[in-house]
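The values are calculated or read from the model by the stated rules, or taken from the named source; none is laboratory data. Keep in mind that this is a model prediction, so the values were computed, not measured. Counting neighbours? That spans all protein chains shown, and the Cβs are built from the backbone with ideal geometry, glycine included.
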Amino acid sequence: MGLGIRDKELMAKRAEQEIETGMVVNLGIGIPSLVANFIKKEKFVFLQAENGLLGMGVKPDLGKEDPMICNAGGIPVTLIKGASYFDSATAFAMIRAGQIDLAILGALEVSEQGDLANWIVPKKMVPGIGGAIELAQKAKKVIVLMSHTNKDGKAKIVQNCTLPLTAKQCVHMIITERAVIEVTAHGLFLKEIIEPFTLEDVLLSTEATLHVTKSCYRS
C-alpha cells in the first residue's frame, strides 16, 4: 500500500526542520520535492536543481505555472528574490565542488551502514543513475525520505542493500512515515516514532538493527 498525501506532507514537514538558514539545498524527485512548500519564510534558503536553478520557491498557484521554470523532475516551481538560471553543467559543477549543504533524496533501500540504493527499480527499465550519485557523494549532509516498506511490505531499511548502490556510507538521516532514524558510525539510532505507529511497528518493519535510546519520543 502506497503512502497517502498526508503521510508525504508530514515527512516533508519533518525534513524541513533539518534545514538551517543560509543553506544551499537540493531536493530530489518525488517526496523530497514537497519540502519546498514547507520551508519557513524566516529561513533564507537557496534551493538548487540539477537542471540549472538556484533559488526555487513554492509551487505556483493553479493556472500560473510557467513551463520554462521547473525543478529537476519537470514540476513547475516559483522563484525567490535573487534566484538565478544557468546550464546543467554549472549546476553539476556546484554539486561536485561540494557546495550543496544538504541533499534530500528518495531511496529504494538504505543499509545500516548508511549505504544508499535509489536509482534502479527491479523489473523496470530506467534511463540511468542521474544526478543522485554525485549528490549522495558530495553533499555535506544527506537525508532520505522514503516509505518504511516497499509495495510488498518488505523492509527498505536493511542490513545490506540488495539493489545496486548509488553511494556508500552517505546517508545521515532517514525519515519515513513511521520513524526518524539517525545514521551514525555506531549504527542506526531511532530518534522519533511517528503517530499512529508504535515501537513494535517500527522494529518489525525494519530489517536493520535499530538502537532505541531513552531520548526516543513519539511525534
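General observations
- So Glu9, is it at pLDDT 90 or above and over 30 Å from Gly153 (Cβ atoms): no
- Exactly one residue out of Lys138, Lys124, Lys154 is closer than 22 Å to Ile29 by Cβ and exposed (fewer than 14 other Cβ atoms within 10 Å of the Cβ), and it is Lys124.
- Qualifying residue in the stretch 63-75 (condition: modelled with pLDDT under 95 and of a type in the set (Val, Ile, Thr)): yes
- Selection over the stretch 191-219 of residues that are more than 14 Å from Val110 (Cβ to Cβ), in a strand (DSSP E or B), in contact (Cβ under 8 Å) with a residue 24 or more places away in the chain and not β-branched (Val, Ile, Thr) gives a count of 7.
- Only listed residue being in contact with a Gly (Cβ under 6 Å, 6 or more places away or on another chain) and either surrounded by 12 or more Cβ atoms within 10 Å (Cβ to Cβ) or not acidic (Asp, Glu) (or both), chosen from Ala93, Ala72, Ala83, Ala117: Ala83
- All positions within the stretch 1-30 that are among the aliphatic types (A, V, I, L, M), more than 16 Å from Leu105 (Cα to Cα) and part of a helix (DSSP H, G or I): Ile5
- Leading residue by the ranking (farthest from Leu108 (Cα to Cα)) among those in the stretch 168-180 that are out of contact with any Lys or Arg (no Cβ under 7 Å at 6 or more places or on another chain) and not in a loop (DSSP other than H, G, I, E, B): Ala179
- Condition met for Leu165 (in a loop (DSSP other than H, G, I, E, B), within 29 Å of Arg96 (Cβ to Cβ) and either modelled with pLDDT of 95 or more or touching a strand residue (DSSP E or B) at 6+ places or on another chain (Cβ under 8 Å) (or both)): yes
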